[in-house]
1. Nearest 20 debye, what's the magnitude of the dipole of region 1-153 about its Cα centre given +1 on Lys and Arg Cβ and -1 on Asp and Glu Cβ?
2. Could you tell me, in Å, what Rg and Dmax come out for the Cα atoms of the chain?
3. Scaled to the compact-protein estimate 2.2 N^0.38 Å, what is the alpha-carbon radius of gyration of region 143-255, rounded to two decimal places?
4. Please compute the modelled spin-label separation between Ala85 and Gln204, points set 7 Å along Cα→Cβ, answer in nm with one decimal.
5. Answer with one residue from Ser37, Val88, Trp74: the one whose Cα lies farthest towards the positive end of the charge dipole of region 1-128, charges on Cβ with Lys, Arg +1 and Asp, Glu -1.
6. So for Cys237, Cys30, Cys140, what's the accessible-area order with a 1.4 Å probe, most first?
7. Which of rounded, prolate, oblate describes region 59-106, given a ≥ b ≥ c as roots of the alpha-carbon gyration tensor eigenvalues and a/c under 1.5 marking rounded, otherwise prolate only if a/b is larger than b/c?
8. For Leu83, what accessible surface area do you get with a 1.4 Å probe? Give it in Å², rounded to 10.
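The values are calculated or read from the model by the stated rules, or taken from the named source; none is laboratory data. If you're wondering where the values come from, they're calculated on a predicted model, not measured in any experiment. Counting neighbours? That spans all protein chains shown, and the Cβs are built from the backbone with ideal geometry, glycine included. Areas reflect the complete protein model, heavy atoms only, side chains present, ligands, DNA and RNA absent. Shrake-Rupley method; radii C 1.70, N 1.55, O 1.52, S 1.80 Å.
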Amino acid sequence: MYNCVMDDTLNKDDIERAARAIREADRVCCLTGAGISAESGIPTFRGKDGFWAGRRAEDLATPRAFAADPEDVWAFYLWRRQLLADKVPNAGHTALADIERSVDHFTLVTQNVDGLHRRAGSERMIEIHGNLLLDRCTACGVEVMRTFDDVSDEIPYCDACGAMMRPGVVWFGEMLKPKDLYGAQAAAEASDVMLVVGTSSLVQPAASLSFWAKSNGATVIEVNPDATPLTAAADICFPHGAGAVLPAIASRVFD
Ligand code: OAD
């Protein structure tokens with residue numbers, strides 16, 4: 001029996017419909033965004049706290065900003081790493097890891113770089129925007145995955161060639177890694193259920209995944225307290241936080 005006290009404000013019929021769709025699905029794809037980590041205390045990008053020193057992520061997370069002032073961009077990323085150090089996965093992350101174990105073919109596509117899904121136990125996942133703890137050398141391309149123990153507040157330089165490292169994340173104006181993009185597209189297009197959690201569905205190409213899934217016949221389930229460009233196209237919508245909805249769905253998937 002799955003341990004979950006259901007929030008009374010959730011629509012129980014919709015929870016049941018969503019759980020049944022997942023139970024009966026052969027292939028489930030889940031797309032997550034910053035909203036799933038909001039309940040872990042990590043600000044979303046476009047929410048009221050989504051600013052750093054009065055500046056938007058869109059102005060800092062670009063190759064142009066890094067070329068112009070790498071120290072400035074690193075200061076933003078070192079701050080984000082520090083912010084993450086004491087954060088832990090929440091009930092939404094854990095429920096998704098549980099749902100993954102109940103489905104034969106499951107792919108989690110996350111736009112988040114916070115690594116909380118993996119820490120919650122998710123395994124079949126694609127981090128399409130990279131990982132905040134990854135450094136990549138600007139000269140030789142070597143990648144180093146940091147842990148919180150070896151993250152410092154200094155800009156990292158490459159042990160192999162001495163050049164400055166850059167954050168191992170995808171910036172605005174950069175391509176996703178082809179392997180990640182094709183993997184995410186294939187998972188979305190083949191899915192019977194597309195579960196979309198905590199994303200404003202504004203940033204491409206991730207935002208298109210749900211529409212491709214829908215046009216291929218998937219049941220689209222959206223979990224987001226606010227309406228998005230996807231909401232009108234979704235089959236089931238939960239206008240609530242992921243931390244309440246996902247455990248409730250998981251509890252019915254396992255019943
Ligand atoms: P956004 O900040 O654009 O959107 C977060 C969404 O989460 C919003 O629609 C909120 O309504 C919703 N939300 C807030 N709290 C929630 C909760 N408790 N449960 C569920 N949903 C909640 O973040 P993303 O859509 O992830 O890209 O942004 C996409 C990309 O744009 C990011 O990966 C990043 C960013 O700039 C890069 O850095 C390349």
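1. Details: 19 positive and 26 negative charges, 41 e Å.
Using only the charged Cβ atoms, the result is roughly 200 debye.
2. Radius of gyration, then largest Cα-Cα span, for the chain: 18.5, 59 Å.
3. On the way: Rg = 18.6 Å, N = 113, 2.2 N^0.38 = 13.3 Å.
So region 143-255 has a normalised radius of gyration of 1.40.
4. 4.0
5. Farthest towards the positive pole: Trp74.
6. Numbers: Cys237 45, Cys30 0, Cys140 70 Å².
The residues order as Cys140, Cys237, Cys30, largest area first.
7. Working: a/c = 5.78, a/b = 2.30, b/c = 2.52.
The shape class here is oblate.
8. Looks like 50 Å² after rounding.
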